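Below is one structure; the comments refer to it alone.
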Amino acid sequence: MKEGFTALKWGVGRRLEFIEFRLFWEGGVNRSDIIEMFDVSVPQASKDLTLYQERAPQNAIYDKSAKRYVAAPDFSPIFLRPDPDSYLSRLRSLAEGLADPSESWISHAPEIDVALTPHRAVDSDVLKAVLEAVRERRSIEVYYQSMGSRRTDPVWRRMTPHAFGYDGFRWHVRGYCHIDEKFKDFLLPRILQVRNLDAPGPAGDQDTLWKKTFDIEIGPHPGLTPSQRTVVAKDYGMTNERVVLTVRYAMLFYVLKRLGLLGDASQQNPRTQHIVALNPHETERALRRADFEFGEVEKAPSDSGSA
């Protein structure tokens, strides 16, 4: 817990964090900001600003012309951990329409856009039922549309779900398939109906590919210039041009696909593929252990590893 939150009620601490958020990211805050964001009274907003100045006297200066508090030159946050990833995720939520502007705490968002993908519709009743099955550790029948060659029409199949995965584009539920008698990924949009909670199959602690992890070692593409390698290392948080990603075997294919590391990335154009796996042979063996073969990836790039 941040030192500034000591002995504060949750609501008060939240408002002081908001004050600091606006001071740090937007340079200033006023009483009306607090009133509009938290629907508190004028006296309460004034009290919050006074309390903030008591807790962090070096952080805010009142600008009479602007009629707001602005960040002082020696500003040092005590309620907020400034995190670029957190701020940018707020911007992304705004751009994708996933959050209301008031929920983001951002009052002056820059013009933004994101590379959108088509919305993958998930039925709320389906998700609710699957969550119940996970929570109660039971199995459930799902009417599932596979994209494989064996089952071209939807079929009812029983599964025992235990976890959820997200590949950056879509959500799937990880569970034991009672038909194929193994753990698999079921894409949520392809679950058309659900019914009949019942006794479970093998539990998630028996899902070896979910429980065990593999370390992918990532480095800059060898075809880049020294200065380009330096900036790629900075971009990916590398030390000595190396960073390790610890990935579940069950998620390995999705991670490699997103990073462009399916196959030998060192043979790709370094201008478009900036990173490579520094342990490519071990990574290939790990992928095969996870029931994937590099040669099969191009045949079904969107469904490899899914039920």
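The values are calculated or read from the model by the stated rules, or taken from the named source; none is laboratory data. All values derive from a computational prediction rather than experimental measurement. All Cβ positions, even for glycine, are placed from backbone atoms using ideal geometry, and neighbour counts span all protein chains on display. Surface accessibility is based on the protein's heavy atoms, side chains included, excluding ligands, DNA and RNA. Shrake-Rupley method; radii C 1.70, N 1.55, O 1.52, S 1.80 Å.
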ask   = Counting Lys +1, Arg +1, Asp -1, Glu -1, what net charge surrounds Leu94 among other residues with beta carbon under 12 Å of its beta carbon?
value = -3
message = I want to check the label-to-label distance for Ser102 and Gln206. Put each point 7 Å from Cα in the C-beta direction and report it in nm to one decimal.
response = 5.0
inquiry  = Along the Cα→Cβ direction, 7 angstrom out, place labels at Met147 and Asp83. What is the inter-label distance in nm?
reply    = 3.2
key: 17 Å Cα cut-off, lysine pairs counted over the chain (separation 8 or more, or different chains)   = 7
ask   = Which values of log₁₀ I(q)/I(0), to two decimal places, follow from the Debye formula for region 148-273 at q = 0.21 Å⁻¹ with a uniform point scatterer at every Cα?
value = -1.22
Positive-end residue of Gly204, Ile112, Ala163, charge dipole of the chain with Cβ unit charges = Gly204
request  = Calculate the spin-label point distance for Ala95 paired with Ile35, positioning each point 7 Å from the Cα along the beta-carbon direction, and give it in nanometres.
outcome  = 3.4
ask   = Using r as the Cβ-Cβ distance of Val42 and Val122, and R0 as 51 Å, what FRET efficiency do you calculate, to the nearest 0.05?
value = 0.75
ask   = Counting only protein heavy atoms and using a 1.4 Å probe, what share of the accessible area of region 1-91 belongs to carbon plus sulfur, as a whole percent?
value = 52
request  = Could you check which residue among Gly204, Gly165, Gly223 shows the biggest mean-square fluctuation in a GNM of the chain with a 10 Å Cα cutoff?
outcome  = Gly223
note = Extension length gain for Arg258 and Arg195 (0.36 nm per residue less Cα distance), in nm, is 19.3 nm
request  = Provide the FRET efficiency to the nearest 0.05 for the Asp215-Leu131 pair, computing r from the beta carbons and using R0 = 30 Å.
outcome  = 0.45
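Pulled fully out, how much extra length does the chain show between Ile179 and Glu26, if you take 0.36 nm times their separation in residues and subtract their Cα-Cα distance?
Taking 0.36 nm per residue and subtracting the Cα distance, the gain is 49.6 nm.
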request  = Report the extension gain between Glu241 and Trp171 in nm, rounded to one decimal, defined as 0.36 nm multiplied by the number of residues separating them, less their alpha carbon distance.
outcome  = 22.0 nm
message = Per residue, how large is the accessible surface of the chain? Use a 1.4 angstrom probe and give square angstrom.
response = 58
note = Computed on Cα atoms, Rg of the chain relative to 2.2 N^0.38 Å comes out at 1.29
query = Tilt of helix 280-289 relative to the longest C-alpha principal axis of the chain, in degrees (0 to 90, nearest 10)?
reply = 70
query = Share of Cα-Cα pairs in region 53-177 beyond 26 Å, in percent?
reply = 52
